[in-house]
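What follows draws every value from the coordinates through simple rules; no lab data is involved. This is a predicted model, so every value here is computed, not measured. As a convention, Cβ positions derive from the backbone with ideal geometry for all residues, glycine included, and neighbour counts pool all protein chains shown.
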Amino acid sequence: MGLKKSERQELLPGTLDMLILKTLSRQVLHGYGIAEHIRQVSSEVLTVEEGSLYPALQRLQLQGLIASEWGHSVNNRRARYYRLTAAGRRRLGESESSFARLVEAIARVMKPAT
Amino acid sequence: MAFLRKLRTISRRLLAVLRRHRLETELAEEISHHLDQRRRQLVDEGMDPRDAAVEARRMFGNVTVIREETRDMWSIRWAEIIAQDLRYGLRLMRRSPLVTVIAVVSLTVGIAASTIVTGVVNASLWRWSAMYSEPGRLVFLWQTREADILTPTPADFRDWRGMAKSFDSVEAYTYRAMTFSTSGDPEQVQAAAVTPGMFGTLGVAPVAGAGFLGPEETWGRHTRVLLSEGFWRRRFGADRAVLGRTLTLDGVPHEIAGVMPAGTWFSAARPDLFVPLAFAPDDPANNRNSHFIWVIARLHDGVTLDSAAAEMGIIARQLEAQHPANKGLGARPVPMAEHILGEPSRTLAVVAGAVTLVLLIACVNVAGLLLVRTAARNRELAVRTSLGASRLRVALQLATEGVMLAFAGGTLGVAVAAATLRTLPTVLPANLPRIAETGIPIDWRVMSVAIVAILGCGLVIGALPAFTGGRWRRERSMKEAPRWSSGAAQARLRSGLITAEIALSVVLVIGAALLVRSFANLQSVDVGARTTDLLTVRIPLPPERWRATNAAATSAYLDAIAERARTVPGVLAADITSHVPLAGGGQSKHFYVVGQTPPASYQEVPTVSLRQEGPDSLRAMGATLARGRFFAGTDRAGSHPVAIVNQTLARRFFGVSNPVGQVVCLQAPEHLSPPDNVRAAGGSFVRWTIVGVVEDVRYTPPSEPMEAVVYVPYRQRTRQALMGWAPEYLVLHTSVGPDLLPALRERLREVAPAQPLAAPRTIEMLAADSLGGARVMALVLSLFSAVALFLAGVG
C-alpha cells in the first residue's frame, strides 16, 4: 500500500497542474495512467487523492493547455487520452523555470550561514 | 495575446455548457475506467477482489465530490462571461462618450414615449374593460328620431324594462347637481342618480358597506346614498365609521350605505355620489316628454346585438301605437364600449402609431451610430477573427453592447415616463374616460410592453452591427494586410438606415404639420363672444327653484343675484344666462313661424336650441347685435313675450328677409302636439315676437357646425311657457378671473346665503377645453416630430 500517511507529502498548492503537464510532456496517457505515473516516479512520496486529477484535467483542458481524445485502452476498454498542446508546452516551460527559482530561493534561505 | 487566449477560454467554456449532458456521461465513464484499472492492479498485487474494489474507491476519493468539482470547472458562471462583455462594452462606451450619450438619450426618449402612451391606453381603454364583468354585453339603449339619437324619458325606460326580453337587466341613470351641506358653506356635488340594480348590472361591487338593495326606487325609501371612493377619501379621510351615518343632500338626510371604488363610473363624468333614481309622486319630469334619462342594459347570454335591435324596434312601434308622445321615436341598442371609447380610441390609435414611428427612428438612429463605430473597428475585428475568435463570439459581444445601451436607455425612459404619467391626467382632455379619477398607473401590462420594447430595441440595435461585424473572412496569412471584406456591405446598410430614418421622420413631420394646421384653423374660428375678460360661474339651483311651478319666485331670486353681482368691484357687466359659450348644451325646442305654412306632422316640426337670458347677458358676453335690439328691463313676466334669434336661425327660417317683428312659437302647433302639453300650457302655447338678431355665438366645439339658437328672457319663463329648467349661470364682463369668487360670495350672502357657486371658468379656459382633443394631438405630434428630426439630424 505504500508509505504511511504521515510520511506522504502534501502537494504545494498549484503544483498539481505542473505535474500533470510534465507527465504528459513525454507521453499520451489517460487519467489513471497519469495518477500511476506520478505515484511511481515520486516513489510514492507524492500522493494525490486520485480523483482530484479530474477537475484539474478539466481545468487544463478548458484553458487549452491539454487536449483529449477517446481511444481504447490495453484491455479494449474505452478511455480518454490526454496530450499536451503547444500552449501547454509553453506553460510547462514557464512553470518549470519559476518552480526552479522558487526551490533555489527556499534552499538559499534554509542554507546555514557560512 | 493573453486577451486572445482569454477569448478562446471563454468560448470553450461557452461550448462546454452547451454539451453539458454529453460531458457528464463521459466523465462517469472515465471515472469508472479509472476505478476499474486500480482494482485490477490491486488484485494483480494479490489483494482480495472485494477488498480491492473498496481500496480502489478509497484511493480515488469521494466520487460525488469529484464529479461536482469537475462540473464546476465546466459549469459556466454566465456572470463571468457577461461580466467580461459588460466590462468590454463599458470600455467601448467610455472611449466614445458622445455616441453613448446620444444613443442613450435617443432610446430614453423612444421608450419613455411608448411607455407613456401605453400607460394612457391602458388606463383609459384596457382597464375600463377590466372594471366590468363581460363589458362586451353592456349596451346603451337610445331613443331615435330619424337620424338623431335622444336620451329616453322615464316612462319609456320603464316600458322598455317591462317589455324587452333580450336583456338580463335594464338600468337607468341621470346626473344631478346636489347641495351637500354640513356646518360651513354649502358645497355643490355632482351626483349620479341610478336605478338600484345599476352596479349589479355593471358588475362592480362596493369597496365598503353595501350597495343599493332594490326598494330605493320607491319615493320615500330612496334616502340612501353611495359615496365614490374619491369623495370618501377627500371628504371623510376614508374613514369606515361614516357608513351608516347620514348626509344631507338638498336638505334631505340620506343614509350612507357604502362606497363605490374609483373608476366605477363608465363615462367621462365623475360623480361624487350615487343616489337612487326615484321620482316624487308629483314630479313633473316623470312623464313621456322629458328626455333626460340614460338607459343601459346587459344583453342576455347568447342574444346578439342585431336581434336585440330588432326587438327594440318592435317595442318602439308598439309604444308609438299606444302613446302619441312617442310618435316618430324608435329605439336602438349601441354597445357601450363603442359609444364611450370609440372616439378616444381613434385618437389613441393615431398617437400610438406616431410613438411606434418615434421608437423605430430611435432604434435606427442608435443602430446607425453603432454601425459607424463598428466600421471604425474593422481593423481590430479583422485581426481578431483571423486569429480564430469565433464569429459567434464576436457577434455576441457586439449584441451585448446593443442590449446594454437599450437597457440603460430603457430604464431611464421608464423613469421619465413614470414621472410624466403622474402629472399627465391634469393635462389630458376630459373625454378620456376616468383618467382623472384613477390616475395612470404603471401596472404589469404597461411594464411588460415597456420590457418588450426595450428587448426589441436591444435586439434590433445589437443584431445589425453583429450581422455585419461578424462577416469576416479568415485570412490565410497574417503577413497580408487584413482585408475589410465587409466594408461595402456596411456602407450599404448604413445608407439604408439613414434613408429609413429620414423617411420615417418626414412622415411624422407631415402628420404633425397637418394636425397643427387644422388645430390653428379651429382656434381661429369666430366665437361670436368676447375672447377675453369674460368669466362664467355656475349657480346651481335647488330642485324647488328649478321647477316651473315656482317660476316667478325663481326669477326674482335670479334678479337679485344678478343685481348683487354687478356691485362686485371689477365687474363691468353681469347677468344670468342658461348656457355659456363653448360649453355646449342647449334645450331642444320645436320651432315654427306663425304665418308660414305649418308643418304637416309632429315629426316634421323643426327644432332649434333655446337659451334663457337676462337683459344684460348678451351684452356682457360681447355678442354683436345685427338687427333690432337686445333684451331690456321692461321684458318681464306679464309683458309681451319677446325673443332674439341668431343669424343661423334667421337664415334658416327667414332667408334674407328681416325676422324682427315676426311671431314664432316654441312648441309644435297645438293640433299636432300631445294633448298633455297643450293642457299644461293652459290651452294654447305662448307666441313670441322677435325683437332682435345677433351674430352667431358659438356654443358647440369649433369642429361642429353652428346651431340655430333662440333666446328668451328668463323673466318671461312661466309655467305656461313650458320652458323647462331655470338658467343656472352667471356671466360677468370682468378682467378679474376666478379670484372674483370670494368677493362675489360675500355680496351674495345678503340675498342668497345658501347659494353655492361652482365651476368658475374664463372664456380662455372654455376655449381650451373645447379644443382639448385637437390641441393635445397637435402638441403631441409636433413634439414627436421635433424629437424625430433631432434624432435624425444627430445620427
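Equivalent ellipsoid semi-axes for segment B:268-325, as square roots of 5 times the alpha carbon gyration tensor eigenvalues: give them largest first, rounded to whole Å. Don't skip to the end; give the middle numbers.
Values: eigenvalues 134, 92, 18 Å².
Semi-axes from the Cα gyration tensor: 26, 21, 9 Å.
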Checklist entry - What distance in nm separates the simple spin-label points at B:ASP168 and B:ARG517, each placed 7 Å from Cα in the Cβ direction? => result 5.0 nm
Item to check | Computed log₁₀ I(q)/I(0) - Debye formula, equal Cα scatterers, no solvent, segment B:647-795, q 0.12, 0.13, 0.18, 0.20 Å⁻¹ | outcome: -0.85, -0.94, -1.21, -1.26
Checklist entry - Mind checking the dipole of segment B:97-188: about its Cα centre, +1 per Lys or Arg Cβ, -1 per Asp or Glu Cβ, Debye to the nearest 20? => result 240 debye
Item to check | Scaled radius of gyration (Cα, divided by 2.2 N^0.38 Å) that segment B:532-623 gives | outcome: 1.36
Item to check | Ranked list, fewest to most other Cβ atoms within 10 Å of each Cβ, for B:VAL664, B:VAL416 | outcome: B:VAL416, B:VAL664
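Please report, in debye to the nearest 20, how large the charge dipole of segment B:534-756 is about its Cα centre when each Lys and Arg carries +1 at its beta carbon and each Asp and Glu carries -1 there.
260 debye
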Checklist entry - Check A:ALA79: other-chain or 5+ apart residues with amide H under 5 Å from its amide H, H built from backbone geometry? => result A:GLY71, A:HIS72, A:SER73
Checklist entry - Mind checking the mean number of beta-carbon atoms from other chains within 10 Å of the Cβ atoms in B:26-38? => result 6
Checklist entry - So how far, in whole Å, is the C-alpha centre of segment B:163-239 from the one of segment A:65-107? => result 86 Å
Item to check | Peptide A:75-82 - average C-beta neighbours from other chains (10 Å radius) | outcome: 3
Next on the checklist: Taking each residue in B:47-59, count the Cβ atoms of any other chain within 10 Å of its Cβ, then average. What number comes out?
Outcome noted: 1
Next on the checklist: Can you compute log10 of I(q)/I(0) for segment A:2-110 with the Debye formula, treating each Cα as one identical point scatterer, at q = 0.13, 0.16, 0.19, 0.23 Å⁻¹?
Outcome noted: -0.53, -0.78, -1.04, -1.34
Next on the checklist: Could you compute Rg(Cα) / (2.2 N^0.38 Å) for segment A:61-114, with N its residue count?
Outcome noted: 1.86
Item to check | Packing-based ranking, highest mean first, of B:189-197, B:359-367 given that Cβ atoms within 10 Å are counted | outcome: B:359-367, B:189-197
Checklist entry - So if we plug the beta-carbon distance of B:THR634 and B:ARG679 into 1/(1 + (r/R0)^6) with R0 = 25 Å, what FRET efficiency do we get, rounded to 0.05? => result 0.20
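For segment B:85-133, take the convex hull of the Cα atoms, compute a quarter of its surface area, and give me that in nm², please.
Orientation-averaged projected area of the Cα hull: 4.9 nm².
Can you tell me the FRET efficiency between A:SER98 and B:ARG40 if r is taken as the Cβ-Cβ distance and R0 is 41 Å, rounded to the nearest 0.05?
Efficiency for this residue pair is about 0.60.
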Checklist entry - If you take the C-alpha gyration tensor of segment B:534-756, multiply each eigenvalue by 5 and take the square root, what semi-axes do you get, largest first, in whole Å? => result 30, 20, 15
Checklist outcome for this item: Cα extents of segment B:147-327 per principal axis, largest first, Å, are 53, 37, 30
Checklist entry - For B:GLY633, what is the net charge nearby, where nearby means another residue's Cβ is under 10 Å from its Cβ and Lys, Arg count +1, Asp, Glu -1? => result -1
Item to check | Inter-probe distance in nm under a simple model that places probes 7 Å from Cα toward Cβ, at A:ARG83 and B:ALA269 | outcome: 9.0 nm
Checklist entry - FRET efficiency for B:SER703 and B:ASP283, Cβ-Cβ distance as r, R0 = 35 Å, nearest 0.05? => result 0.40
Checklist entry - What spacing in nm lies between the two simple spin-label points modelled at B:LEU625 and B:ARG422, each 7 Å away from Cα in the Cβ direction? => result 5.6 nm
